[in-house]
Amino acid sequence: MDGAADTPELEQLYRDFDANGLAPLWTQRDDLMPFTPAPVARPHVWRWKTLFDIAERSGELVPVGRGGERRAIGLVNPGLPGTAYATPTLWCAIQYLGGFETAPEHRHSQNAFRFVVEGEGVWTVVNGDPVRMSRGDLLLTPGWHFHGHHNDTAEPMAWIDGLDIPFSSYTDVGFFEFGAERVTDEASPEISRSERLWAHPGLRPLSVLDDKTSSPLAAYRWEYTDAALREQLKLEDEGYPATVDQGHAAIRFVNPTTGGDVMPTIRCEFHRVREGSETPLRHEVGSSVWQVFDGRGSVILGDVEHRLEKGDLFVVPSWVPWSLRAETEFDLFRFNDGPIIDRLGFSRVYIPSKDEI
């Protein structure tokens, strides 16, 4: 604190702070309460071709089975060394399952999902319900649901996993339990039981009228996501309000029992930017991870532009400005910590081209 003379009494006071595990606010206000968010996590891009090559080599050298459980390779943010965290609240990994392999069942408190950018032939079994995994699908594994995976083909498959591991670790809420050595149902149905019950737009079964913390729908299929985005852009062409910004269609995956987010700690979205369009630069509280599903374009992170192709992943830390530019029609999957930020009342968005300072 300015104006205080260095006296023996003051020096003793500071020694007593240290000796008793104390830290005066006046020496650290800028760190504790910055004028705007000052994330330690950094914007970063991971290339899918590189990730897939490393995952493929891991598939040749590292078995899947009890113990390690999954051949999942976490994306480490360069600003968070010593962790396997993409952001302070989100974990993201590429998971690789070889031909005819089975990842044994387990469950954990952490909420999880899978998103498939390419490939077919794997079923994830969630609480005994086999769920087909196909390109463009979002598959949910809410917390404390038993789940395993089995590959019915000779071809390997890779996808991304997203979890709230960092948030769960920070808040010390984690539990883990082993399940079956294989999976409890090795069937390969085209449609899961959860979809047969829940995947009918605007319709809710009277047999299940209680609201669920996480979505009871295990799979959100690409055909419906694609159709929703396509119709938004068509409506825009016809002069009707339907898109987030000009040329920018987007949807949020929702829990059909509440209309809210699919899981209490993770928000999932899909964005489509029309060829030649650019989204306004924006700042948002909270962190997010994106994966390019199709097309070519770029993302501006801070003041750096990164060209992107199918499968590439990038992270946007809290309040780092971002914008998308589409070279071709540009499709991207996004997940973030929005449910946490919203529920705690910290949500804030600033778009310089639209908002007052």
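Data overview
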| read-out | value |
| --- | --- |
| Elements of type helices (runs of 4 or more DSSP H) contained in the stretch 145-261, each with 3 or more residues being over 21 Å from the mean Cα position of the chain (by Cα), of a type in the set (Ser, Thr, Tyr) and modelled with pLDDT under 95 | none |
| Residue within the stretch 297-310 that is closer than 21 Å to Asn111 by Cβ, open to solvent by 10 Å² or more (accessible area, probe 1.4 Å) and assigned to a loop (DSSP other than H, G, I, E, B) present | no |
| Elements of type helices (runs of 4 or more DSSP H) in the stretch 1-103, at least 1 residues being open to solvent by less than 50 Å² (accessible area, probe 1.4 Å) | 8-19, 48-61 |
| Matching entry among Asp237, Asp245, Asp294, Asp185 (being out of contact with any helix residue (DSSP H, G or I) (no Cβ under 7 Å at 6 or more places or on another chain), among the charged types (D, E, K, R) and open to solvent by 70 Å² or more (accessible area, probe 1.4 Å)) | Asp237 |
| Any hit, the stretch 24-40, residues being in contact with a Leu (Cβ under 9 Å, 6 or more places away or on another chain) and either within 30 Å of Ala154 (Cβ to Cβ) or at pLDDT 95 or above (or both) | yes |
| Qualifying positions in the stretch 73-89 - modelled with pLDDT of 95 or more and out of contact with any Asp or Glu (no Cβ under 6 Å at 6 or more places or on another chain) | Ile73, Gly74, Leu75, Val76, Asn77, Pro78, Gly79, Leu80, Tyr85, Ala86, Thr87, Pro88 |
| Residue list for the stretch 118-128, filter: buried (at least 22 other Cβ atoms within 10 Å of the Cβ) and either modelled with pLDDT under 95 or not aliphatic (A, V, I, L, M) (or both) | Trp123, Thr124 |
| Answer residue from the stretch 192-209, given it is hydrophobic (A, V, I, L, M, F, W, C) and closer than 24 Å to Gly143 by Cβ and is most open to solvent (accessible area, probe 1.4 Å) among those | Leu209 |
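The values are calculated or read from the model by the stated rules, or taken from the named source; none is laboratory data. The structure displayed is predicted, hence computed values, not measured ones. Glycine also receives a Cβ, built like all others from the backbone with ideal geometry; neighbour counts cover every protein chain displayed. Just the protein is used for accessible areas: all its heavy atoms, side chains included, with ligands, DNA and RNA removed. Shrake-Rupley method; radii C 1.70, N 1.55, O 1.52, S 1.80 Å.
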